[in-house]
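The structure appears right after this line, and notes come after that.
The values are calculated or read from the model by the stated rules, or taken from the named source; none is laboratory data. All values reported here derive from a predicted model rather than from experimental measurement. Note: ideal-geometry Cβ built from the backbone for every residue, glycine included; neighbour counts use all protein chains shown.
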Amino acid sequence: MLKKAQKIVIFGANGAIGCALSNHYASMGAEVLAVTREKHNFDHPNISNILINYDDAHDFEALFAVRPPDIIVTCIGALCVGETMPEKSLNDIDEEYMHALYRVNTIMPALIMKHVLGRVPRDHKFVCASLSARVGSISDNRLGGWYSYRASKAALNMIIKTASIETARKNKNAVIVGLHPGTVDSNLSKPFQKNVPDERLFTAEQSAQYLAKVINELTPEQSGQVFDWKGDVIDR
């Protein structure tokens, strides 16, 4: 059960999953800081919209005012860039598209970890979760394709693992993980929903509930791993 006193920070809170998670935690009585790059209107009184430049360390200070957060969730990600779709073959690889996906899916979550993990007190128990994807698993790759997206999420998983090792030396209560939200009915997945069974196409609200449950049950011993919406470990 979520405690009313908990402070939750959601990065990318204007996206489908980020917004749903913000509303979910707010409805449970948590103080939610919904972080976006541009102003976004949230309806719940427990949600405060924080504008941020991810490249500016000073912008992160507001997130730690009064007290540090208990849970940090990064909901930033991209699959398509403009009209460019995921690659079907090596011949489709485009340098600009690949750079764009690495920027959003790997570098920005890494910058967030850089700016927030060192600010959390060593005796403070907290969870830092980043949305990853099952297709970022190297061992689970059976279909091929989607070179840039797969690689950017695999790289994110490595950053999560490495950050968990470093952070554990300072804070034994820290939990740093990746989360696979399932296939969510959102702008990101719309071009690829054709072959998804109805029971596996989640609303953002469903996914948020599943992810919040997984987050609530995490332990420090699980830090560095990637979990799906059911709480099962995804092999790297």
query: Taking the stretch 116-136 only, how many residues are touching a residue at least 24 places away in the same chain (Cβ under 8 Å) and surrounded by fewer than 20 Cβ atoms within 10 Å (Cβ to Cβ)?
result: 8
task: For the stretch 15-77, please list each of the strands (runs of 3 or more DSSP E) lying entirely inside it that holds at least 1 residues being over 17 Å from the mean Cα position of the chain (by Cα) and modelled with pLDDT of 95 or more.
output: 31-36, 47-51
- prompt: Which one of 46, 23 is among the polar types (S, T, N, Q), under 27 Å from residue 185 (Cβ atoms) and touching a residue at least 40 places away in the same chain (Cβ under 8 Å)?
  reply: 23
- request: Kindly provide the set of residues from the stretch 1-52 that are of a type in the set (Ser, Thr, Tyr) and either touching a Gly at 6+ places or on another chain (Cβ under 7 Å) or under 18 Å from residue 70 (Cβ atoms) (or both), ordered by number.
  value: 22, 25, 27, 48
message: I'm trying to understand the selection: among the residues of the stretch 139-191, which are of a type in the set (S, T, N, Q), within 19 Å of the chain's Cα centre (by Cα) and either closer than 18 Å to residue 227 by Cβ or assigned to a helix (DSSP H, G or I) (or both)?
response: 148, 152, 157, 162, 164, 167, 183
- prompt: Which of the residues belonging to the stretch 196-211 are aliphatic (A, V, I, L, M) and surrounded by 19 or more Cβ atoms within 10 Å (Cβ to Cβ)?
  reply: 204, 208, 211
task: Inspect all residues belonging to the stretch 59-72 and state whether any of them is touching a residue at least 40 places away in the same chain (Cβ under 8 Å), over 17 Å from residue 33 (Cβ atoms) and of a type in the set (Val, Ile, Thr).
output: no
- request: Might you check whether a residue that is farther than 15 Å from residue 109 by Cα, surrounded by fewer than 22 Cβ atoms within 10 Å (Cβ to Cβ) and in contact (Cβ under 8 Å) with a residue 60 or more places away in the chain occurs anywhere in the stretch 153-173?
  value: no
message: Just to be sure before I move on: is residue 42 closer than 17 Å to residue 208 by Cβ and in contact with a Phe, Trp or Tyr (Cβ under 9 Å, 6 or more places away or on another chain) in the structure I sent?
response: no
